[in-house]
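Reading through the structure tokens given below for one structure.
The values are calculated or read from the model by the stated rules, or taken from the named source; none is laboratory data. Just so you know, these numbers come straight off a predicted model, no measurement behind them. Note: ideal-geometry Cβ built from the backbone for every residue, glycine included; neighbour counts use all protein chains shown.
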Amino acid sequence: MTANKNDGEQPDTPLADQLSREEILRILEKETPQARAALAKRADAQPEVLYFLAAEGTPDARRAVAANPRTPAQANRLLVQDDDDDVRVELARKIGRLLPKLTAEANYRLRSLTIETLELLASDQLARVRQALAEEIKSLDCVPKHVIDTLVRDVELVSAPILEYSPLLTDADLIELISSAQARHVLVSIAKRRSLSANISEAIVEALNIPAVAMLLQNSTAEIREQTLEKVVEQGQRIKEWHLPLVERADISQRLLRRIAGFVSAALVDRLAGRHGLDDKTRQVLTKRMRTKLETPAEPDTEAEISEGDEVVALHREGKLDEAYVARAAEAGRREAVIAALSLRANVSRDIVARIFQSRSAKPVVSLVWRAGLGMRAAFKIQNFILRLPARELLPARDGVRFPLSEEEMRWHLGYFEVPV
């Protein structure tokens with residue numbers, strides 16, 4: 001066993017039951033794999049022991065070494081090429097946590113090895129590793145910019161947190177990403193960013209991506225110019241997904257509020273009328289329009305549902321009701337089409353599908369998609385664009401494509417909603 005200088009993080013205090021050198025050697029030479037894994041987790045483990053376990057330990061021991069903040073930088077660099085995926089995932093999480101602690105006082109060798117490890121993890125062949133890294137470094141300002149530029153153009157599970165949170169993305173970067181976006185999640189993720197500038201907001205509106213503009217309107221920290229909001233209002237009459245976010249937007253002028261009241265439902269006009277600070281003219285207009293809407297017989301809401309349902313049934317008969325269709329419908333915010341598609345493919349009633357959606361819980365939705373014979377791409381789109389779950393509540397794919405729940409778990413979630421399993 002070769003000794004290595006400790007480039008890792010020193011523990012605040014040694015453990016009370018600190019092991020002697022003889023006890024450590026006995027564990028390494030004679031004890032069970034469980035004992036060696038326990039040794040690898042210790043906050044007072046010596047760097048040479050951790051390096052040895054990184055090179056010679058079992059997968060459990062190597063995972064523990066990868067997660068141990070005391071592990072020397074040389075051992076971290078060794079583990080970045082480990083064959084065990086979980087080892088690299090643990091390492092990615094730890095490296096992200098270590099970066100802010102790499103001060104200017106850290107020696108050059110330590111910094112170089114850690115940055116090299118970070119770069120290799122950012123280009124790992126497994127999306128789950130890159131995703132773990134992205135989640136840890138998404139809000140950091142101490143990450144090399146070229147690493148952020150790599151991750152931001154990765155697959156959705158990797159790029160979304162960087163797009164939404166990274167402070168290293170400039171307005172110029174964001175404008176370029178919006179103009180060249182080939183995936184809708186790029187626009188939606190950018191629309192979620194805090195304190196968006198007026199120029200970025202305008203670029204999102206110009207892209208006319210329905211879920212992205214809806215998300216932008218919901219983002220109370222985004223600066224949106226009056227003329228940009230006017231463009232949204234002009235398009236908004238035919239896009240119901242924008243009605244509620246427009247009504248709830250706090251910086252809408254009273255002139256635009258009066259225009260919005262002309263096309264939203266009576267319930268939303270009522271919400272507008274309940275606002276504080278409305279001038280007399282606006283209040284009178286809203287009251288009159290709300291009274292008119294309440295007295296006018298409503299168009300049957302089922303008309304859109306029937307047309308959506310007819311389309312879905314026709315596609316189902318032709319064998320074209322596939323994952324690509326459901327994913328596109330989800331991206332476009334076509335809730336009724338997605339409900340109808342899952343109802344047909346999973347052979348469950350529309351009411352049950354609607355109840356599962358109303359639960360706003362990722363696990364039963366993912367389970368329903370699995371029962372419908374579709375993949376995680378569709379499941380993630382539904383979570384994102386139909387349920388509009390916060391990023392922390394999204395249930396991503398395992399290894400980029402596989403369902404993250406076991407079949408037993410999915411059957412349980414379906415059974416909870418009385419879906420025969």
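Listing for the model above:
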quantity: Scope the stretch 145-158; condition modelled with pLDDT of 95 or more and farther than 24 Å from ASP83 by Cβ; matching residues; calculated: LYS145, HIS146, ILE148, ASP149, VAL152
quantity: Hits in the stretch 278-311 - residues which are modelled with pLDDT of 75 or more and within 23 Å of ILE339 (Cβ to Cβ); calculated: ASP310, GLU311
quantity: Checklist (1) under 18 Å from the mean Cα position of the chain (by Cα); (2) in a helix (DSSP H, G or I); (3) modelled with pLDDT of 90 or more applied to PRO211, failing item; calculated: (3)
quantity: Selection from the stretch 311-331 of residues that are in contact (Cβ under 8 Å) with a residue 24 or more places away in the chain and within 15 Å of ARG184 (Cβ to Cβ); calculated: VAL326, ALA327, ALA330, GLU331
quantity: In the stretch 46-98, residue surrounded by the most Cβ atoms within 10 Å (Cβ to Cβ) [restricted to those that are β-branched (Val, Ile, Thr) and out of contact with any Ser or Thr (no Cβ under 7 Å at 6 or more places or on another chain)]; calculated: THR71
quantity: Per-region count, the stretch 150-164, residues in contact with a Leu (Cβ under 9 Å, 6 or more places away or on another chain) and of a type in the set (Ser, Thr, Tyr); calculated: 1
quantity: Output for the stretch 249-277, where each listed residue is modelled with pLDDT of 90 or more and among the charged types (D, E, K, R); calculated: ARG249, ASP251, ARG255, ARG258, ARG259
quantity: Residue within the stretch 126-142 that is of a type in the set (A, V, I, L, M) and surrounded by fewer than 18 Cβ atoms within 10 Å (Cβ to Cβ) present; calculated: yes
quantity: Residue list for the stretch 193-214, restricted to those being touching a residue at least 60 places away in the same chain (Cβ under 8 Å) and not small (Gly, Ala, Ser); calculated: ILE210, PRO211
quantity: Selection status of ALA183, assigned by TED's automatic domain parsing to the domain that holds ALA261, surrounded by fewer than 17 Cβ atoms within 10 Å (Cβ to Cβ), of a type in the set (Gly, Ala, Ser) and more than 22 Å from the chain's Cα centre (by Cα); calculated: no
quantity: Residue within the stretch 147-162 that is over 22 Å from PHE380 (Cα atoms), touching a helix residue (DSSP H, G or I) at 6+ places or on another chain (Cβ under 9 Å) and buried (at least 19 other Cβ atoms within 10 Å of the Cβ) present; calculated: yes
quantity: Number of the exception - THR221 against (1) outside any helix (DSSP H, G or I); (2) β-branched (Val, Ile, Thr); (3) over 26 Å from the mean Cα position of the chain (by Cα); calculated: (3)
quantity: Number of positions in the stretch 246-274 that are within 33 Å of the chain's Cα centre (by Cα) and of a type in the set (Asp, Glu); calculated: 2
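So that you can scan it fast, the table gives a plain yes or no per residue for (1) crowded, with 23+ Cβ neighbours inside 10 Å; (2) farther than 15 Å from VAL421 by Cα; (3) at pLDDT below 95; (4) outside the structural domain of GLY400 (by TED's automatic domain parsing):
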{"residue": "ILE339", "(1), (2), (3), (4)": "yes, yes, yes, no"}
{"residue": "VAL348", "(1), (2), (3), (4)": "no, no, yes, no"}
{"residue": "ARG355", "(1), (2), (3), (4)": "no, yes, yes, no"}
{"residue": "GLN358", "(1), (2), (3), (4)": "no, yes, yes, no"}
{"residue": "SER361", "(1), (2), (3), (4)": "no, yes, yes, no"}
{"residue": "ARG377", "(1), (2), (3), (4)": "no, yes, yes, no"}
{"residue": "PHE380", "(1), (2), (3), (4)": "yes, yes, yes, no"}
